[in-house]
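The values are calculated or read from the model by the stated rules, or taken from the named source; none is laboratory data. Note that the structure is a prediction, hence the values are computed from the model and not measured. With ideal geometry, Cβ positions are generated from the backbone for all residues, glycine too; neighbour counts draw on all protein chains shown. Remember, those area values only see protein heavy atoms, side chains included, never the ligands or the DNA or RNA. Shrake-Rupley method; radii C 1.70, N 1.55, O 1.52, S 1.80 Å.
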Amino acid sequence: MYNEIYEKIKKHDTIVIVRHIGADPDSLASQLALRDSIRLTFPNKKVLAWGNSSARFDYFPRLDKFEELSDILLIVTDTPDKKRIDFSWTTNIIDSIKIDHHPYIETFCELEYIDDTASSASELILELINNTPLLNSDEIAKTIFTGIASDTNRFMFNASSKVLRLVSNLFDEYNVDVTEVYSNLYMRPLNEVRLQGYIAQNIVVSENGFGYVKISNDTLNKLSVDSGSAGNMVNNFNYIEGMYVWAVITEDIKNNLFKVNIRSRGPVINIVAEKYNGGGHKMASGARLSTMEEVDLLLKDLDESCKIYLEERVIDNED
Ligand code: AMP
């Protein structure tokens, strides 16, 4: 499969790389590392990375400005379904490739490489580079490591022997300043720490081990934080005794919706999120809903999945 991807890259002169809306470090890293590797390998090709990002990801190499192009090879990284791609589809595409580590949702590219056992889309880009003539560099290695470190939450999740080996080999060959990467990823302003305190004080945990907190636009304004930072807080509440699934619900006035970020350390949650037009991984999902009534229904379903999980655990222990 890596060879087939490489052959398509080699064949086309104009390549655009995109990823999902709501950019996060792994989606950006996979997109930018692939762009920079193709540019390094084929200096005469036009290779662009498109999409919206946010100022907090300024430590990454720059994205490219949109321009009118035709006959492009489109490469989509880190995105399982067409509706979530940060791309307008007005550009004339002659070929397409998907490289993703989410559970399969739908086919929308000519060639699709999906490995949902991979820790991150960045891990797949590293494997693509390692297994083809595509070139790597210190800068690209740093971008890739940033994506892997972020999606595994510093190797707390999906820390397979494979990804640890890949990173170990990467460090042997390239100069990656791990301290700098971690400071890029984890440095945060004091008001975000205060928001974390607000969540800790206000999270409601049900008897089934489901925790949630609703963050209104007023609270965001009082603490001077944006809705994106609030959603990311969901990653800071793992390993709390008696809490198996937790969700942060953030009011997003600008887009007139509620963002729900969900994490689990037991029940599978993406199937629940999918019922509400959301999705994601088994243990890390999200949804965007337009009313609080829908949010409450989703929360009820998540609570129910915790209840079933606990009941099944009791049965297992009895066996
Ligand atoms: P997040 O909480 O934003 O880090 O998202 C966790 C996972 O859920 C990622 O794999 C996202 O791609 C996925 N996800 C988040 N929001 C949605 C959504 N509205 N629809 C489908 N998948 C989502």
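Here the scattering of the chain is modelled by Debye summation over its C-alpha atoms, one equal scatterer each and no solvent; at q = 0.15 Å⁻¹ the log10 of I(q)/I(0) is -1.26. Helix 138-151 and the longest principal axis of the C-alpha atoms of the chain enclose an angle of approximately 20°. Charge tally around ASN130: other residues with Cβ under 12 Å, Lys/Arg +1 each, Asp/Glu -1 each, net -1. Here's how it looks for LEU257: its modeled amide H is under 5 Å from those of ASP252, which are all 5 or more places away or on a different chain. Within straight-line reach of LYS65, meaning a Cα separation under 12 Å, there are no aspartates and glutamates at least 8 residues removed in sequence or on another chain. Give the Debye-formula value of log10 I(q)/I(0) at each listed q (0.23 Å⁻¹), with one equal scatterer per alpha carbon of segment 1-59, two decimals each. Log10 I(q)/I(0), no solvent term: -0.95. Lysine pair count for segment 182-319 with Cα-Cα distance under 22 Å and sequence separation of 8 or more or different chains is 15. Only aspartates and glutamates eight or more places from LYS11 in sequence, or on another chain, were considered; those with a Cα closer than 16 Å are ASP71, ASP95, GLU110. Share of Cα-Cα pairs in segment 258-319 beyond 14 Å, in percent? In whole percent, the share of Cα-Cα pairs in segment 258-319 beyond 14 Å is 55. Charge dipole (Cα centre; +1 on Lys/Arg Cβ, -1 on Asp/Glu Cβ; no other charges) of segment 173-319 amounts to roughly 500 debye. Pick out, in residue order, every one of the trypsin sites (Lys or Arg not before Pro) in segment 19-74 that is DSSP loop and has at most 11 other C-beta atoms within 10 Å; say none if there are none. Sparse-neighbourhood loop trypsin sites (Lys or Arg not before Pro): ARG62, LYS65. Sparsely packed loop sites in segment 19-123 (the GluC sites (Glu not before Pro) outside DSSP H, G, I, E and B with at most 13 other Cβ atoms within 10 Å) comprise GLU67, GLU68, GLU106. What the chain shows is 48 Å² of accessible area per residue, with the surface traced by a 1.4 Å probe over protein heavy atoms.
Evaluate the charge dipole of segment 267-311 about its Cα centre and quote only its size in Debye, nearest 20, assuming +1 on the Cβ of each Lys and Arg and -1 on the Cβ of each Asp and Glu.
Here segment 267-311 has a charge dipole of around 200 debye.
Going by a ≥ b ≥ c, the root eigenvalues of the Cα gyration tensor, does segment 210-313 fall in the rounded group (a/c under 1.5), the prolate group (a/b larger than b/c) or the oblate group? Judged from the Cα gyration tensor, segment 210-313 comes out prolate (a/c at least 1.5, a/b above b/c).
Report the percentage of all Cα-Cα pairs in segment 3-149 whose separation exceeds 20 Å, rounded to a whole percent.
Values: 4272 of 10731 pairs.
More than 20 Å apart: 40 percent of the Cα pairs in segment 3-149.
With Rh defined as the Kirkwood radius, the inverse of the mean 1/r over Cα pairs, the Rg/Rh of segment 144-213 is 1.14.
Within the accessible surface of the chain, defined with a 1.4 Å probe on protein heavy atoms only, the carbon and sulfur portion equals 47 percent.
Taking the DSSP bridge list for the chain and keeping only pairs wholly inside it, about 45 percent are antiparallel.
Across segment 49-129, Cα-Cα pairs more than 20 Å apart make up 39 percent of the total.
Dipole size in debye (nearest 20) for the chain around its Cα centre, Lys and Arg Cβ +1, Asp and Glu Cβ -1?
I would put it at about 740 debye.
Loop-located chymotrypsin sites (Phe, Trp or Tyr not before Pro) in segment 169-257 (DSSP state other than H, G, I, E, B) with a sparse environment of at most 13 neighbouring Cβ atoms within 10 Å: TYR239.
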